[in-house]
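J.: So that we are looking at the same thing, I have put the structure below in structure tokens.
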Amino acid sequence: MRKIIANIGWIFFDKIFRMAIGIIVSLWIARYLGPSEFGILNYAILFPTIFVSVAGFGLTNTLMVEFVATVDNPLQQQKLVQLGLFIKLIAGSLMYGVSCCLNYALNRDNPELFYLINVTGFALVLQSSDIIDTYFQSQTKAKLSVVVKLIAFVVASLFRIYALLNHKGILSLALINLVELTIIYGLMVIVYQRYSSKIIENLRQAINWQSIVQLVKISWPIMITEFFVFVYMKVDQFMIESLSTNHELGLYGAALRLSEAWYFIAIAINTSFYPKIAESWIINREKFYIQYQELLNVLTYVSVGLAIFVSCFSSQLIKLLFGKEFIDAGPILSVHIWAGVFVFTGVGTNNLMIIKNLQRFVLIKTIIGAFINVALNFWLIPKIGALGASIATLVSYGIQAYAMNIFFEPARSIFNLQSRSFLNFITFQRPMTVKIS
């Protein structure tokens with residue numbers, strides 16, 4: 001148990017440290033570049049992520065389960081690491097090629113953006129190191145991957161500060177992102193070989209078509225789900241770039257920096273509460289639902305409290321942190337921050353969806369939410385720019401994470417728990433009993 005707690009602690013430390021330093025450096029970069037160039041840089045980083053789900057092949061979640069299942073078979077785990085790295089390297093390389101081709105078709109007349117995207121797109125190849133990270137987490141050795149990421153992050157942050165102090169261009173900042181990922185990849189391989197086994201050892205035995213086909217069969221539904229999650233979460237930024245201006249995209253990126261910075265809190269709260277709650281699922285269902293209600297109450301109180309504070313002081317926060325050039329991002333932030341309420345309660349109900357075997361329903365909801373988001377963006381962005389994207393995000397998140405649960409009977413109890421948490425916030429009441437279904 002102590003190892004598990006320490007493992008979680010290292011993961012949280014990594015998230016909090018990187019968020020704190022990352023926000024400071026991001027604010028500096030935003031002020032340095034201004035809204036338009038900041039929007040271009042954000043778009044260049046975002047463009048290749050269209051292909052991340054295919055490059056990743058859904059293997060991270062699949063292999064986490066496989067690593068845990070083969071905990072007493074180190075040789076099999078070694079084969080899984082080798083196989084995962086091979087598949088993700090091949091898939092990532094192919095998707096990088098596709099990204100470059102699409103980039104050429106769309107942006108060849110814009111040399112700066114064209115070169116930026118080709119640089120940032122190489123991340124599709126380097127993201128295969130996630131397999132080693134997943135392996136370490138499954139062995140409750142998150143400390144190893146966290147230390148690697150922190151070293152790379154600190155080095156890259158120092159390079160970014162140097163670039164800013166010496167007035168380097170936007171391409172230099174993009175190259176630094178690539179340097180960070182390259183350091184992570186190299187150190188991950190070195191650490192894995194130091195603490196586990198050689199990557200190249202018995203490679204031919206590990207990589208065979210039967211194993212590849214088996215992993216792909218298991219992983220392809222996850223890959224599709226991840227793609228629609230990407231559409232659901234990121235399509236608004238592509239649509240702002242296409243339907244509005246880089247200036248609006250820069251404003252939206254600034255608002256997102258402050259709006260999404262808090263999402264890790266939802267994961268932290270859920271991870272802290274859920275293991276204890278899960279013990280009651282078999283033993284005492286009534287107690288389980290009461291405890292789950294308490295979890296959603298906490299998530300609702302935190303997220304709504306944050307939303308009220310940030311929306312009241314959005315313009316002042318933007319002006320203080322990003323400067324006067326970004327002041328128009330204030331209204332965008334004041335709307336987008338409320339989407340976090342549904343993100344928090346959505347994170348809180350994810351485990352309950354799995355317990356109730358509603359994964360297929362989650363996929364359907366995600367697809368519908370993605371289409372709603374796209375449709376609203378098409379309608380609103382041409383009219384009111386990035387503010388329209390914020391409204392589309394808020395509405396689609398609310399429908400996907402909350403409202404749709406009422407229309408599917410097995411998920412209706414989850415809708416009731418969420419509704420009660422909102423009511424409890426308004427009335428400041430705690431329920432003593434919860435209806436079980």
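J.: List residues of the range 366-403, by number, whose backbone nitrogen lies under 20 Å from a label position 7 Å along Cα→C-beta of Thr245.
T.: 378-391
J.: Continuing with the same structure: Would you work out which of Val52, Ala105, Trp28 lies farthest towards the positive end of the dipole of the range 2-207, given +1 charges on the beta-carbon of Lys and Arg and -1 on that of Asp and Glu, about the Cα centre?
T.: It is Trp28, whose Cα lies furthest towards the positive end.
J.: For Asn61 paired with Lys168, estimate the spin-label separation in nm (one decimal), with each label point 7 Å from Cα along the Cα-to-Cβ line.
T.: Inter-label distance under the simple model: 3.7 nm.
J.: For the chain, with the dipole built from +1 on Lys and Arg beta-carbon atoms and -1 on Asp and Glu ones, taken about the Cα centre, which of Gly253, Pro74, Leu158 lies farthest toward the positive end?
T.: Pro74
J.: So for His167, His247, fewest C-beta neighbours within 10 Å to most, what's the order?
T.: On the way: His167 8, His247 19.
If I rank by nearby Cβ atoms, fewest first, I get His167, His247.
J.: Could you tell me which of Phe313, Val146, Ile384 has its Cα farthest along the dipole of the chain towards the positive end, charges placed at Cβ (Lys, Arg +1; Asp, Glu -1), taken about the Cα centre?
T.: Val146
J.: If the chain between Leu94 and Lys234 were fully stretched, how many nm would it gain, using 0.36 nm times the residue separation less the Cα-Cα distance? If you can, show how the numbers build up before the last one.
T.: Details: separation 140, 0.36 × 140 = 50.40 nm, distance 2.19 nm.
That pair, Leu94 and Lys234, stretches by 48.2 nm at full extension.
J.: Mind giving me the nanometre distance, one decimal, between the label points for Cys101 and Ile354, set 7 Å out from Cα along Cα→Cβ?
T.: Those two pseudo-labels are separated by 3.6 nm.
J.: Taking springs between alpha-carbon atoms closer than 10 angstrom, which of Gly39, Gly22, Gly56 fluctuates most in the Gaussian network model of the chain?
T.: Per the Cα network of the chain with a 10 Å cutoff, Gly22 tops the list.
J.: At 7 Å along Cα-to-Cβ for each site, give me the label-to-label distance between Glu286 and Thr140 in nm.
T.: Spacing of the two 7 Å Cα→Cβ label points: 3.4 nm.
J.: Can you list, bin by bin at 10 Å, the percent of alpha carbon pairs in the range 338-437, starting at 0?
T.: Reading the bins upward from 0: 15, 42, 29, 12, 2.
J.: Follow-up. Quote the convex hull volume per residue of the chain, based on C-alpha atoms, as a whole number of Å³.
T.: 149 Å³
J.: Say R0 is 51 Å: what FRET efficiency, to the nearest 0.05, do Asn73 and Leu150 get from their beta-carbon distance?
T.: Computed FRET efficiency for Asn73 and Leu150: 0.95.
J.: How long is the gain from Val189 to Ile267 if the chain were fully straight, where each residue apart is worth 0.36 nm and the alpha carbon distance is subtracted? Numbers along the way, then the final one.
T.: Working: separation 78, 0.36 × 78 = 28.08 nm, distance 2.79 nm.
That works out to 25.3 nm of additional length.
J.: Right, here's the next one. Can you work out ³J(HN,Hα) from phi for every residue in the range 79-91, in order, using Karplus 6.51 cos²θ - 1.76 cosθ + 1.60 and θ = phi - 60°, giving whole Hz and x for Gly and Pro?
T.: 5, 5, 4, 4, 5, x, 4, 5, 4, 6, 5, 5, 5
J.: Loop only by DSSP, 16 or fewer other Cβ within 10 Å of the Cβ. Give me the chymotrypsin sites (Phe, Trp or Tyr not before Pro) in the range 286-323 that pass, ordered by residue number.
T.: Answer by residue number: Phe313.
J.: May I have the convex hull volume per residue, in Å³, for the Cα set of the range 2-207? Before the final figure, lay out each step's value.
T.: Values: hull volume 23.9 nm³, N = 206.
Output value, Cα hull per residue: 116 Å³.
J.: Quick one: putting +1 on the C-beta of Lys and Arg, -1 on the C-beta of Asp and Glu, what dipole do you get for the range 252-427 around its Cα centre, in Debye to the nearest 20?
T.: With only Lys, Arg, Asp and Glu charged at Cβ, the dipole is about 160 debye.
J.: Using alpha carbon centroids, what distance separates the range 216-231 and the range 348-376, in Å?
T.: One Cα centre to the other: 13 Å.
J.: For an R0 of 41 angstrom, estimate the FRET efficiency from the Cβ-Cβ distance between Glu279 and Asp109 and round to the nearest 0.05.
T.: 0.10
J.: Still on this structure: When a/c reaches 1.5 or more, the comparison of a/b and b/c decides; with that in mind, is the range 272-415 rounded, prolate or oblate per its Cα gyration tensor?
T.: Oblate is the answer for the range 272-415, as a/c is 1.5 or above yet b/c matches or exceeds a/b.
J.: Tell me, Thr182, Thr349, Thr62 in order of fewest to most beta-carbon neighbours within 10 Å? Numbers along the way, then the final one.
T.: Numbers: Thr182 17, Thr349 26, Thr62 22.
Result, fewest neighbours first: Thr182, Thr62, Thr349.
J.: Also, I was wondering about something else. Considering the zone a paramagnetic label at Ile406 would reach in this model (a point 7 Å from Cα along the Cα-to-Cβ line), which residues of the range 278-307 have amide N under 17 Å from it?
T.: none
J.: Which ordering of Thr427, Thr70 is given by a fewest-first count of other beta-carbon atoms within 10 Å?
T.: Fewest to most other Cβ atoms nearby, the residues stand as Thr427, Thr70.
J.: Hey, which of these cross-link pairs are over 26 Å Cα-Cα: Lys15/Lys88; Lys79/Lys149; Lys15/Lys276; Lys143/Lys234?
T.: Where the Cα-Cα span goes over 26 Å, the pairs concerned are Lys143/Lys234.
J.: Between Phe428 and Ile161, what length in nm is gained on full extension when 0.36 nm per residue of separation is reduced by their alpha carbon distance?
T.: 91.5 nm
J.: For the chain, with only Lys/Arg (+1) and Asp/Glu (-1) charged at the beta-carbon, what is the dipole magnitude about the Cα centre, in debye rounded to 20?
T.: 920 debye
J.: Which value, in debye to the nearest 20, describes the size of the charge dipole of the range 2-207 about its Cα centre when Lys and Arg Cβ atoms bear +1, Asp and Glu Cβ atoms bear -1, and nothing else is charged?
T.: Roughly 520 debye, rounded to the nearest 20.
All of the numbers you see were taken from the coordinates with simple rules; none came from a lab. These figures come from a predicted structure and were not determined experimentally. Note: ideal-geometry Cβ built from the backbone for every residue, glycine included; neighbour counts use all protein chains shown.
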